[in-house]
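Asker: Got a structure for you, written out below as structure tokens; questions coming shortly.
The values are calculated or read from the model by the stated rules, or taken from the named source; none is laboratory data. Fair warning: this is a prediction, and the values are worked out from it, not measured in the lab. Every residue, glycine among them, receives a Cβ derived from its backbone with ideal geometry; neighbour counts consider all protein chains shown. What goes into the accessible areas is simple: the full protein's heavy atoms, side chains included, and nothing from ligands, DNA or RNA. Shrake-Rupley method; radii C 1.70, N 1.55, O 1.52, S 1.80 Å.
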Amino acid sequence: MVARTSQFDPFRKFKFRIKINNKVVAALTKCSALTVSVESKEFRSGDMDSFKHKLPGMVSFEPITLEQGVTNDKTFETWATAMANYLGKKGSDSEKTPDDFRKELDIEIYNLNNEKVKAYRIYQCWVSKYTAVPDLDANSGDVMIQTLVLENEGIQVMQ
């Protein structure tokens, strides 16, 4: 059987969905790259001092930035302000801990036929920065975009 060219075509970066608590987030326009970094530790051996050896060190997961057009969907706003309300006020959230504000995030990649081809689960996400309203400009016709920066503690390939 001869392979079709389309079997080897790369996936497009504009066909994706983000799920928070298994619910698709509405009007999401952008998601930053998923990046895992492993620190490199150098050392020299006592009997082999002509070169340095390298060992893997601490693993870190870079923050993920999500951008969404401002809509009536309150998913971002509710999540982003929950931690700030917890830290700044007494009241209904006073019985919660910071762990209560962490969520699992799923990123699903689709091909041009709208079939899911890849999926990633991001663990222990919490909001470290939220831009509710961008710079406003009366001379612009741009869409208002709100931004969420998420810290996380792990990335797993699903499927």
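Asker: Rounded to whole Hz and in sequence order, give me ³J(HN,Hα) for the range 123-135 from the Karplus expression 6.51 cos²θ - 1.76 cosθ + 1.60, θ = phi - 60°, writing x for Gly and Pro.
Answerer: The phi angles translate into 9, 6, 6, 8, 7, 9, 7, 9, 10, 6, 9, x, 4 Hz.
Asker: Right, another one. What Kirkwood radius, in Å to one decimal, follows from the Cα pairs of the chain?
Answerer: So the Kirkwood estimate lands at 18.9 Å.
Asker: Follow-up question, since we're still on this one. Once ligands and nucleic acids are excluded and a 1.4 Å probe is used, how much of residue 49 is accessible, expressed in Å² to the nearest 10?
Answerer: Rounded to the nearest 10, that gives 100 Å².
Asker: Can you give the calculated 222 nm mean residue ellipticity of the chain, where each DSSP H run of n ≥ 4 adds -39,500 (n - 2.57) and the sum is split over every residue, rounded to the nearest 500 deg cm²/dmol?
Answerer: -3000 deg cm²/dmol
Asker: So, by mean Cβ neighbours within 10 angstrom, what's the order for 60-70, 12-22 with the highest one leading?
Answerer: Per-residue mean Cβ counts within 10 Å order the peptides as 60-70, 12-22.
Asker: Residue 30's amide H: which non-local residues (gap 5+, or another chain) put their own amide H closer than 5 Å, with H modeled 1.01 Å from N in plane and none for Pro or chain starts?
Answerer: So residue 30 has HN proximity to 67.
Asker: Heavy atoms of the protein only, probe of 1.4 Å, neighbouring chains included. What is the accessible area of residue 157 in Å², nearest 10?
Answerer: Solvent-accessible area, nearest 10 Å²: 100 Å².
Asker: While we're here: Using a 1.4 angstrom probe on the protein heavy atoms only, could you order 83, 144, 158 from most to least accessible area?
Answerer: 144, 158, 83
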